[in-house]
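One structure is given here, and the rest of the page talks about it.
Throughout, read-outs are computed from the coordinates displayed, never taken from laboratory work. Quick caveat: nothing in here was measured; it's all calculated off a predicted structure. Note: ideal-geometry Cβ built from the backbone for every residue, glycine included; neighbour counts use all protein chains shown.
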Amino acid sequence: METTKNPVMLYTEQTPNPESLKFVTNRILYKGTADFRDAELANEWSPLAAQLFKLPFVKQVYISSNFVTITKEFNFSWDDIMMDTKTFIKQYIEDGKEILSDGFELAMEKIEKEKGIGYQYSEEDAAIAKKISDLIDTYVKPAVEMDGGNIEFKSYNEGIVTVIMQGSCSGCPSSTITLKNGIQAMLQRMVPEVKDVVQEMG
């Protein structure tokens, strides 16, 4: 007896970054966050991202939960490329092809440790850093994910919080406003030691 597969549903959502579009499916693609800034990393770890990078307009690919955020080169228009991209992603998922290779998560953890993401603060700042990290995870991350991106706490030093923006939030014109008006204001209210929040591109 043949089992009928659930059809893959796919729709697009705008993000605050006009160059990024979120392709949302009814399947969980990856439980973590996978940010591909270049084809080299994609070729190593994500067959889906590697295929997308072969398209001439793809600049970045970000995969998390049930969506793929694609950041395009600015000289292309979404009107011209959105339908083909949707069809490609839908077909790829329907065919059951590999999204991310095994071992990706461990490899990323190693890279993050080497880069020092989330590890850069002195002993006396550890409690403050933990509080900031928890606040970002609880209040900021879910909102940023809705916009097809991600934010990671990187470091806290002498009142300066550094965060890493990924996905649609990376290089987005409105991310600076979000950072200053939203994230910085909230952190300063909850953690008086915070003087400034700055972003680093992941």
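Taking Cα atoms only, the orientation of helix 104-115 departs from the longest principal axis of the chain by about 30 degrees.
Using the charge dipole of the chain (Lys, Arg: +1 at Cβ; Asp, Glu: -1 at Cβ; taken about the Cα centre), state which of I160, N150, A129 has its Cα farthest towards the positive end. Result: N150, furthest along the dipole toward the positive end.
Each Lys and Arg adds +1 at its Cβ and each Asp and Glu adds -1 at its Cβ; summed about the Cα centre, the chain shows a dipole of about 380 debye.
Using a simple spin-label model with pseudo-atoms 7 Å out from Cα toward Cβ, D80 and D134 lie 5.1 nm apart. If you take all other residues with their beta carbon under 13 Å from the beta carbon of F76, and give Lys and Arg +1 and Asp and Glu -1, the sum is -3. Taking other C-beta atoms within 10 angstrom as a stand-in for reagent exposure, Y62, Y139, Y11 fall in the order Y11, Y139, Y62, fewest first. Cross-link reach is defined here as a Cα-Cα straight distance under 25 Å, omitting same-chain residues fewer than 8 places apart; for K97 the lysines meeting it are K5, K22, K31, K54, K59, K72, K86. Descending by average beta-carbon neighbour count within 10 Å, the peptides 51-61, 149-159, 101-111 line up as 149-159, 51-61, 101-111, the highest first. Given an 8 Å cut-off on Cα distances and at least 6 residues of separation, report the relative contact order of segment 10-106 as a percent. Normalised by residue count, the contact order of segment 10-106 is 31 percent.
For the pair E73 and V8, label points projected 7 Å from Cα toward Cβ lie 2.5 nm apart. Binning the C-alpha pair distances of segment 10-106 at 5 Å intervals from 0 yields a P(r) profile of 3, 13, 27, 29, 19, 8, 2, 0 %, listed from the shortest bin outward.
Contact order for the chain, expressed relative to its length and based on alpha carbon pairs under 8 Å spaced 6+ residues apart, stands at 21 percent. If a spin label sat at a point 7 angstrom from the Cα of I28 along the line to its beta carbon, no backbone N atom of segment 73-109 would be nearer than 13 Å. Against the main long axis of the alpha-carbon atoms of the chain, helix 126-135 sits at an angle near 40°. For K180, the lysines whose Cα falls under 22 Å of its own Cα, not counting residues fewer than eight places away in the same chain, are K130, K131, K141, K154, K195.
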